[in-house]
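Derivation of every value follows stated rules applied to the coordinates shown; laboratory data play no part. Just so you know, these numbers come straight off a predicted model, no measurement behind them. Here Cβ is always computed from backbone atoms with ideal geometry, including for glycine, and neighbour counts include all displayed protein chains.
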Number of protein chains: 2
Amino acid sequence: QASKNVSYGKRGMGLEELINEANSYYLSKHLAVIHKKPTPITVVHVDYPDRSMAKITEAYYVQPSTTDYNGVLDGHYIDFDAKETKNKTNMPLKNFHQHQITHLKNVLENGGIGFFILGFTTRSEFYLFPASILIKIWDEALRGGEKSVPYSIISQQGFQINSKMIPSLDYLPALKRFLKYLNV
Amino acid sequence: QASKNVSYGKRGMGLEELINEANSYYLSKHLAVIHKKPTPITVVHVDYPDRSMAKITEAYYVQPSTTDYNGVLDGHYIDFDAKETKNKTNMPLKNFHQHQITHLKNVLENGGIGFFILGFTTRSEFYLFPASILIKIWDEALRGGEKSVPYSIISQQGFQINSKMIPSLDYLPALKRFLKYLNV
Ligand SMILES: [Mg+2]
Ligand SMILES: [Mg+2]
């Protein structure tokens, strides 16, 4: 029986922390309200060692039904997930999950703004990539197409996120370029 | 040392289940994408009894920083929380929390649609109540004002939710009346 201490989620923490830092900054500067959703967990058993404390002693991770991030910018509903790869030439589709694709389809259908933040960590390059394009590539892959998204497609059709001092991953300018491109 | 089995959250389950049912219905009918956020939990220890299973054996509830529900309707960012009381004449402010008020202030400031779904369970009456009004009442209470919201205010300034067969708590018509009132 293996055992492990876990302080955070299980994958993608580097990128996740950068996004959380950016979101805190945007909130403090009144620029946008975007939060990471908590990881869904089913609680089975709770102990109360004393009146002021609830200690969960049995719980399980459950499959999320949405992406990790959502919020509001200028009244627009914003929804995205973040993925990173050490690959230099492509982003493997195995980093994505059907429930994320389905959720983003629903979001787009209801007038929301959906995208991914894609990180090529070896290149230190990050892109805001429209959900609509990723959904097409995903559906083509299900019909036997490519199982990854070429770097060239992401760098050409995505909106590059330029690094800054504070916040390091300042994705709001890229998001605003995306909104302008969408004409909303 | 007390001990208890918990299947759901700790309070307000009746109303929460009604809202979850409505949200599932709206999603399936492509009318809106609104989800309840998972309860934030900090995981301290995970056991792996076998390769396919992660069992959380030590975790704690953490203070949420947002409301419970958000999503998108016609491109609009929607954000709310739900409260119920057995009182017939007022909704006590102790049902609300500063972090929910602060979050909804941020949401309104960024152009989002914020409200509460308030249930008077003894009356079987439910209202969509604008966050802007609740925030004013909350801030007045902090300066020594009333510690509850009179039923008369909620029934007059709120948008009543009429019960239906499916979903039981069909709050979308009230939300659309609210959006029309807001002129968005
Ligand atoms: Mg993720
Ligand atoms: Mg609640």
TODO: Would you kindly work out, in nm and rounded to one decimal, the distances from the label point of B:ASP47 to those of the same position in each other copy, ordered shortest first, with label points 7 Å along Cα-to-Cβ?
DONE: 1.2
TODO: List the distances, in nm and shortest first, from the label point of A:SER155 to the matching label points in every other copy, placing each point 7 Å from Cα along the Cα-to-Cβ direction.
DONE: 6.6
Open item on the list: Skipping prolines and chain starts, which residues have an amide H placed within reach, meaning under 5 Å, of the one on B:VAL149, given they are 5 or more residues away or on another chain?
Closed with: B:MET91, B:LEU93
Task: Under Karplus coefficients 6.51, -1.76 and 1.60, residue-wise ³J(HN,Hα) of the range B:115-125 in Hz, glycine/proline x - done: 7, 10, 9, 10, x, 9, 5, 5, 8, 6, 10
Task: Only Lys, Arg (+1) and Asp, Glu (-1) charged, at Cβ; chain B dipole about Cα centre in debye - done: 360 debye
TODO: Quickly rank B:90-101, A:119-130 as a protection proxy: mean count of other C-beta atoms within 10 Å, highest first.
DONE: A:119-130, B:90-101
TODO: Under a cut-off of 17 Å between alpha-carbon atoms, report the lysines in cross-link reach of B:LYS55, not counting same-chain residues fewer than 8 places apart.
DONE: A:LYS4, A:LYS10, A:LYS55
Open item on the list: Considering the Cα positions of chain B, please state its Rg to one decimal place and its Dmax as a whole number of Å.
Closed with: 18.0, 57
TODO: For B:ARG143, place a label point 7 Å out from Cα along the Cα→Cβ vector, do the same in each other copy, and report the separations in nm, one decimal, smallest first.
DONE: 6.2
- [ ] In whole Hz, with x marking every Gly and Pro, tabulate ³J(HN,Hα) for the range A:80-91 from phi via Karplus 6.51 cos²θ - 1.76 cosθ + 1.60, θ = phi - 60°.
- [x] 7, 10, 10, 9, 9, 9, 8, 4, 9, 10, 7, 10
Task: Number of partner chain Cβ atoms within 10 Å, mean per residue of B:64-77 - done: 6
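So which of A:LYS105/B:LYS176; B:LYS37/B:LYS83; A:LYS176/B:LYS176; A:LYS29/A:LYS164 end up more than 19 Å apart, counting from Cα to Cα? Don't skip to the answer; put the middle values down first.
Working: A:LYS105/B:LYS176 23 Å; B:LYS37/B:LYS83 16 Å; A:LYS176/B:LYS176 28 Å; A:LYS29/A:LYS164 16 Å.
Cα-Cα > 19 Å for A:LYS105/B:LYS176; A:LYS176/B:LYS176; rest within.
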